[in-house]
1. Residues that are modelled with pLDDT of 90 or more and under 29 Å from LEU306 (Cβ atoms): find the strands (runs of 3 or more DSSP E) completely inside segment 1-103 holding 2 or more of those.
2. Can you tell me which residue among PHE186, PHE196 is touching a strand residue (DSSP E or B) at 6+ places or on another chain (Cβ under 6 Å) and among the aromatic types (Phe, Trp, Tyr)?
3. Write out, first by first residue and then by second, each pair whose Cβ atoms fall under 7 Å of each other, whose residues are 6+ apart or on separate chains, and whose first residue, in segment 79-93, is of a type in the set (Val, Ile, Thr) while the second is assigned to a helix (DSSP H, G or I).
4. Restricting to segment 17-63, what's the tally of residues that are among the hydroxyl-bearing types (Ser, Thr, Tyr) and over 20 Å from ARG125 (Cα atoms)?
5. Quick one: which of GLY110, GLY162 is touching a residue at least 40 places away in the same chain (Cβ under 8 Å), of a type outside the set (A, V, I, L, M) and either open to solvent by 60 Å² or more (accessible area, probe 1.4 Å) or over 30 Å from THR67 (Cβ atoms) (or both)?
6. Can you tell me which residue among LEU358, LEU350 is open to solvent by 10 Å² or more (accessible area, probe 1.4 Å), in contact (Cβ under 8 Å) with a residue 60 or more places away in the chain, under 18 Å from the mean Cα position of the chain (by Cα) and under 21 Å from ALA157 (Cβ atoms)?
7. It is to be established whether one or more residues within segment 306-313 are closer than 30 Å to ALA251 by Cβ and surrounded by fewer than 24 Cβ atoms within 10 Å (Cβ to Cβ).
8. Checking ARG302 against (1) farther than 17 Å from VAL272 by Cβ; (2) touching a strand residue (DSSP E or B) at 6+ places or on another chain (Cβ under 9 Å); (3) open to solvent by less than 40 Å² (accessible area, probe 1.4 Å), which single condition isn't satisfied?
Amino acid sequence: MNTIPHITRTDRRRALAAAMAAHGIERLVLASTGLHMIDLPNPLLHLTGFRSIGPALVTFDRHGDITAMVMPADDAGRAARHFGGDAAGVDEATDILGHMSSAPHTATVGFGALPHRLAGSITARLGEDARSFDDAFYAATSPKLHEEITAASRATAIAEAGYEHMKALIRPGLRECDLAVAVNLFMKAQGADDSFLMLNAGPRADAVMPSSERPLEEGDLILVELSPSVEGQFVQICRTVAIGEPAPEIAPGYELLVQAMRAGISKVKPGVRMGEICGAIDDLLSEAGFAQYSRPPFIRRRGHGLGAGSTHPGDVAVDNDTALEAGMVFIVHPNQFLPTTGYMMCGEPLVVGEAGPLVLSSREARLDVVTP
């Protein structure tokens, strides 16, 4: 039976405490920049569920005790309510140093995202043996919580609804940027708390790009990544739409990408390396004669982790040796430039089940055609 583990935030903290004990760590200091983005991890959010509005630090010890410090100072009340205790608040980043103290066996997570000088000053306050614990932190806490998977499912439904809404709006003369704004507003009206959207169009593209003021035209291919977030959990679907009947080479080229996506998804199960998923996609495209276009500078990855807390297991890339675990969430997208068609996109978000992949989207990507 292809089940998903029901993991709670308490389970995540216990797993982290066990990892700390195994590495001889007594205290962690986790940092957040206050940015919550689809492709950047936020360890503070990942561990505690607290979405800071500015830079924040949390200390976590092996007994599970948590203390928090946030910017700006007037956000301390909200932090205290979230953590069920006191939280310090400051208005200047340098005031953070006054709340840091040295202690043996301390490690840090997320300091690479902080301003270099601030991160160095805090680390110096923590003690000479303070070291980065990022890799061990994400490895110990990589499966998504039950609530995060539920949010990912809701976000995927919003992405699919946004895509259908986008198709209904398409008409020659409408600017790319206006279409993008309309889709983002629609997804937020459906319950998305954030959205990352890439959308561009043209008869032939080298890559997906941010939207411009260019009007849509008959004969265009619209490339779109729809990436809404629900309760801080991002997902993504990748799609391609033709305005009017596409050129004869487009449909077979797109079907090849969909077949490659299926080949990658079919490899997903616990214990498989992320690199093997990318390899399955690359192999199929290479056998079709596109080996040259299945490596840099044409392609770097075939998907990536999803979230605003953790993006583990990282990129679907040949050099990623991360082994899959049940409960991980990521997207497989063999988005590809082909010399016959230009760049096209397809991609589906999924959860790793105990026996294989569980795709979150209800309809697999296909080349859609909108008649002007």
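1. Details: elements: 27-32, 56-61, 66-70, 87-89.
The strands (runs of 3 or more DSSP E) meeting that bar are 27-32, 56-61, 66-70.
2. Only one candidate qualifies: PHE196.
3. VAL90/ALA73; VAL90/ILE96
4. To start, the set of residues in segment 17-63 that are among the hydroxyl-bearing types (Ser, Thr, Tyr) comprises 32-33, 48, 52, 59.
Among the residues that remain, those that are also over 20 Å from ARG125 (Cα atoms) are: 48, 52.
Looking only at that region, the number is 2.
5. Being touching a residue at least 40 places away in the same chain (Cβ under 8 Å), of a type outside the set (A, V, I, L, M) and either open to solvent by 60 Å² or more (accessible area, probe 1.4 Å) or over 30 Å from THR67 (Cβ atoms) (or both) holds for just one of GLY110, GLY162, which is GLY162.
6. Answer to the check: LEU358.
7. Residues of segment 306-313 closer than 30 Å to ALA251 by Cβ: 306.
Going one step further and asking which of them are surrounded by fewer than 24 Cβ atoms within 10 Å (Cβ to Cβ), we end up with none.
No, segment 306-313 has no match at all.
8. (1)
The values are calculated or read from the model by the stated rules, or taken from the named source; none is laboratory data. Everything numeric in this text was worked out from a predicted model, so none of it was measured. Ideal geometry is used to build each Cβ from the backbone, glycine not excepted, and the neighbour counts take in all protein chains shown. Calculation scope for accessible area: heavy atoms of the full protein, side chains included, ligands and nucleic acids excluded. Shrake-Rupley method; radii C 1.70, N 1.55, O 1.52, S 1.80 Å.
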